[in-house]
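Worksheet: one structure, shown below.
The values are calculated or read from the model by the stated rules, or taken from the named source; none is laboratory data. Just so we're clear, the structure is a prediction, and the values are computed from it rather than from any experiment. Here the Cβ positions follow ideal geometry from the backbone for every residue, glycine too, while neighbour counts run over all protein chains shown. Quick note on the areas: whole protein, heavy atoms, side chains included, nothing else; ligands and nucleic acids left out. Shrake-Rupley method; radii C 1.70, N 1.55, O 1.52, S 1.80 Å.
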Amino acid sequence: MKRYSIKYKICQIVFIMFVMLIAGCSSTGIESSAYVEDYIPGDDYNYQEYSWLQTFGAHYLTQYNDSLYFVFGEYLFCHDLISGNTVPVCLKTDCIHCLEEDENKVLYCDAFLGGIAGQAPFVNVWNGKLYVLRLDRQTGDNILVSSDLSGNNQKILARFSIHDSIRLCIMHRGVIYVVLTHSDYGGQVGGLYAISCLDHNPKLVNVYEESGSDQWIQNVLPYGKYVYFEECTQVEGGYVSRIMKYDIQTCETIAYVDGGERDYQISGIIDDKLWIRIGLNYYLVNDETGDVVLSENGDNLFVDTYPNFSTHLQRLGNDSYLVVMYDKVENEFDYSLKIVSDAGEILSEIDDAAWEVFGGTQRIVINDKEYIVRYLLRGDDKLIAAYGVDDIINGVVNPYIIYRSDSIPWGKGYYARW
């Protein structure tokens with residue numbers, strides 16, 4: 001009897017270890033849809049949008065099949081790419097949505113997201129569900145909710161108090177990663193958090209916590225089964241940073257690239273490799289060691305032609321990039337879209353000089369044609385325009401207008417910024 005009991009207990013232990021192994025991070029409350037290292041289209045975060053979304057800390061628009069869900073002002077809209085129609089995401093027949101002027105009735109509209117200063121807008125669709133960051137009409141808290149595609153059947157995934165500042169939300173393989181700072185009378189603390197949309201009872205789980213008010217997290221980039229982010233520390237005259245690497249399967253976080261006294265910045269994923277920027281040079285990161293190596297063209301990439309510029313770039317083809325440039329001398333962005341070669345030569349450019357550009361530039365596909373989405377503002381005139389990538393390369397300015405309005409109020413929150 002004792003021998004059977006010992007064998008039974010051994011089998012129990014082996015089974016438990018097996019379950020924990022295949023469950024990955026589910027034991028800590030983070031369950032992902034996959035743990036493979038390769039990019040999974042439709043399931044993974046679109047790393048090609050990384051550089052601009054990180055700059056503005058916002059995710060205004062997402063594509064799901066032939067529909068675009070986007071935040072405009074403080075309202076959520078859906079644009080049908082087949083019919084060209086745009087409607088607020090609200091099914092209430094007696095609601096006039098964004099035309100409402102009564103402040104009490106505004107809260108009645110399901111498309112009204114609201115906005116508290118300091119919160120980054122977020123909208124995403126995954127696995128047939130719509131995910132948004134919105135205002136709780138009863139409490140005034142910000143809440144992260146899921147719903148069906150019509151906005152009905154809402155479920156609260158996470159609640160944030162008035163002391164919480166949400167700097168960034170990103171969805172990757174069914175997990176929403178949140179950069180959060182909590183401030184109260186005891187000081188300020190923050191970190192990187194995650195919430196799995198696969199859990200029946202989702203909860204906000206701490207992935208990495210900042211150690212003090214002189215530290216913060218920025219530039220979060222999920223790719224494959226890893227999440228890269230920068231941990232920055234304030235020092236005299238500026239800050240230093242190191243690049244951290246979080247494994248979504250093992251839930252382990254390591255210092256992947258330690259800059260020491262230098263400022264290392266995540267530039268993006270190009271050709272399935274992590275690139276970082278040190279000053280004006282671009283470096284590749286060795287997958288196994290985390291060491292940085294100067295790429296074959298890293299010392300020439302934009303530097304010889306534009307010595308005063310640091311850039312945000314997206315790979316378009318084998319020998320060209322879509323870039324937005326930042327003048328380090330004048331301390332301002334040049335927001336015109338440029339197609340730039342490996343050698344730094346401007347191949348084509350679309351100048352939006354008459355407009356103020358706001359919001360992270362994103363990519364969509366219409367009838368198998370790739371477009372770059374821009375958020376433009378000129379006085380009271382606001383629009384979301386999509387430029388065909390091939391058109392940009394050929395110097396053609398003929399944008400597809402997703403939405404335009406000169407009357408939607410922007411409120412007093414974060415969304416009022418554009």
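Examine the stretch 232-250 for a residue that is in contact (Cβ under 8 Å) with a residue 40 or more places away in the chain and acidic (Asp, Glu), and state whether such a residue exists. Checking the stretch 232-250: not a single residue is in contact (Cβ under 8 Å) with a residue 40 or more places away in the chain and acidic (Asp, Glu).
Just to check your reading of the model, which residue among 375, 387, 371, 403 is assigned to a strand (DSSP E or B), touching a His at 6+ places or on another chain (Cβ under 8 Å) and modelled with pLDDT of 75 or more? When all the criteria are applied, what remains is 403. For the stretch 75-103, filtering for residues that are touching a helix residue (DSSP H, G or I) at 6+ places or on another chain (Cβ under 6 Å) and more than 18 Å from residue 154 (Cα to Cα) leaves 1. Kindly indicate whether residue 208 is surrounded by 13 or more Cβ atoms within 10 Å (Cβ to Cβ), in a strand (DSSP E or B) and in contact with a Gly (Cβ under 6 Å, 6 or more places away or on another chain). Yes: the conditions hold for residue 208. Restricting the stretch 116-132 to residues that are at pLDDT 90 or above and assigned to a loop (DSSP other than H, G, I, E, B) leaves a set whose member that is nearest to residue 78 (Cα to Cα) is 128.
Taking the criterion of being open to solvent by 40 Å² or more (accessible area, probe 1.4 Å) and on the phi > 0 side of the Ramachandran plot, the only residue of the stretch 132-157 that qualifies is 153.
Annotation note: Cβ proximity below 7 Å between a residue of the stretch 359-380 that is aliphatic (A, V, I, L, M) and open to solvent by 20 Å² or more (accessible area, probe 1.4 Å) and a residue that is part of a loop (DSSP other than H, G, I, E, B) and at pLDDT below 80 (sequence gap 6+ or interchain) occurs for 377/355; 377/358; 377/418. Could you tell me how many of the residues in the stretch 217-240 are open to solvent by less than 10 Å² (accessible area, probe 1.4 Å) and not in a strand (DSSP E or B)? Total satisfying the criteria: 1.
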